[in-house]
Amino acid sequence: MHSTPDHHLAERRSAITRLLRSGGVRKQADLVRLLKAQGHAVTQSSVSRDLREIGVLKAADGYVLPGGEPASAAGDFATLAPFVLDLRTAGPSLTVLKTRIGGAQSVALAIDRANWPEAVGTISGDDTIFIATASARDQAALVKRLRSLFKA
């Protein structure tokens, strides 16, 4: 039985996640070197593409995995705050967060995992998050919370 390209891709992305969780990886070049040492055939561009597909963000102090830890503490949101650019409302039940490109999924996952009572759910793209609320009152509470966390 031979391995498929999808199998290699899944193994490589799993290795990337493990390496980032272990800490100590600050640059893509380090990640490329570590992956090659583990026998993965990678290039800088393939690792860059993998990081983007996994939803990994580059913060000042290293990499941020999407939802690596439950985002219930303000400290988790502080790590994500630099990725949030703007906050707007669209009617009484929809709040829109704009992020840096590639940041929306990680921020949306943190919001979902926080289990805020005012947020019904999120939908995220590459740089935009829609957050649904059940009422205008819930939206006002959500906006207040988001502004305090993200200074948006």
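Looking at the stretch 33-46, can you tell me whether even one residue there is within 23 Å of Thr79 (Cα to Cα) and not in a helix (DSSP H, G or I)? It would help to see each step written out before you state the result.
Of all residues in the stretch 33-46, those within 23 Å of Thr79 (Cα to Cα) come to none.
Scanning the stretch 33-46 turns up no residue that is within 23 Å of Thr79 (Cα to Cα) and not in a helix (DSSP H, G or I).
Every residue, every condition in (1) part of a helix (DSSP H, G or I); (2) modelled with pLDDT under 90; (3) of a type in the set (Lys, Arg), yes or no:
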{"residue": "Phe77", "(1), (2), (3)": "yes, yes, no"}
{"residue": "Ala81", "(1), (2), (3)": "yes, yes, no"}
{"residue": "Arg113", "(1), (2), (3)": "yes, yes, yes"}
{"residue": "Phe130", "(1), (2), (3)": "no, no, no"}
{"residue": "Ala134", "(1), (2), (3)": "no, no, no"}
{"residue": "Val143", "(1), (2), (3)": "yes, no, no"}
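Can you tell me which of (1) surrounded by 14 or more Cβ atoms within 10 Å (Cβ to Cβ); (2) under 27 Å from Leu9 (Cβ atoms); (3) modelled with pLDDT of 90 or more; (4) not β-branched (Val, Ile, Thr) is the one Leu97 doesn't meet?
Status for Leu97: all satisfied but (2).
If you take the residues in the stretch 38-62 that are surrounded by fewer than 17 Cβ atoms within 10 Å (Cβ to Cβ) and of a type in the set (Asp, Glu), which one is modelled with the lowest pLDDT?
Result: Asp61.
For Leu65, work out the one condition from (1) at negative phi; (2) modelled with pLDDT of 90 or more it doesn't fulfil.
Among (1) at negative phi; (2) modelled with pLDDT of 90 or more, the lone unmet condition for Leu65 is (2).
Could you figure out which of (1) modelled with pLDDT of 90 or more; (2) among the aliphatic types (A, V, I, L, M); (3) surrounded by fewer than 16 Cβ atoms within 10 Å (Cβ to Cβ) isn't true of Ala73?
(1)
Conditions tested, residue by residue: (1) in contact (Cβ under 8 Å) with a residue 12 or more places away in the chain; (2) surrounded by 12 or more Cβ atoms within 10 Å (Cβ to Cβ); (3) closer than 16 Å to Leu80 by Cα; (4) small (Gly, Ala, Ser).
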site: Arg113; (1), (2), (3), (4): yes, yes, yes, no
site: Glu118; (1), (2), (3), (4): yes, yes, no, no
site: Ser135; (1), (2), (3), (4): yes, yes, no, yes
site: Ser148; (1), (2), (3), (4): no, no, yes, yes
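Would you mind stating whether Ile131 is β-branched (Val, Ile, Thr) and either loosely packed, with under 14 Cβ neighbours inside 10 Å or within 15 Å of Gly55 (Cα to Cα) (or both)? Step through it out loud before you land on a result.
Details: β-branched (Val, Ile, Thr): yes; either loosely packed, with under 14 Cβ neighbours inside 10 Å or within 15 Å of Gly55 (Cα to Cα) (or both): no.
Taking the combined requirement at face value, the residue does not satisfy it.
Mind listing whichever residues of the stretch 12-43 are among the hydroxyl-bearing types (Ser, Thr, Tyr) and over 19 Å from the mean Cα position of the chain (by Cα)?
Once the filter is applied, which keeps residues that are among the hydroxyl-bearing types (Ser, Thr, Tyr) and over 19 Å from the mean Cα position of the chain (by Cα), the stretch 12-43 yields only Thr43.
Do we find that Thr89 is modelled with pLDDT of 95 or more, touching a helix residue (DSSP H, G or I) at 6+ places or on another chain (Cβ under 8 Å) and crowded, with 16+ Cβ neighbours inside 10 Å in this structure? First the steps, then the outcome.
On the way: modelled with pLDDT of 95 or more: yes; touching a helix residue (DSSP H, G or I) at 6+ places or on another chain (Cβ under 8 Å): yes; crowded, with 16+ Cβ neighbours inside 10 Å: yes.
So Thr89 fits the description; yes.
The values are calculated or read from the model by the stated rules, or taken from the named source; none is laboratory data. Keep in mind that what you see is a predicted model, and the values were worked out from it rather than measured. Glycine gets a Cβ as well: all are built from the backbone with ideal geometry, and neighbour counts include every protein chain shown.
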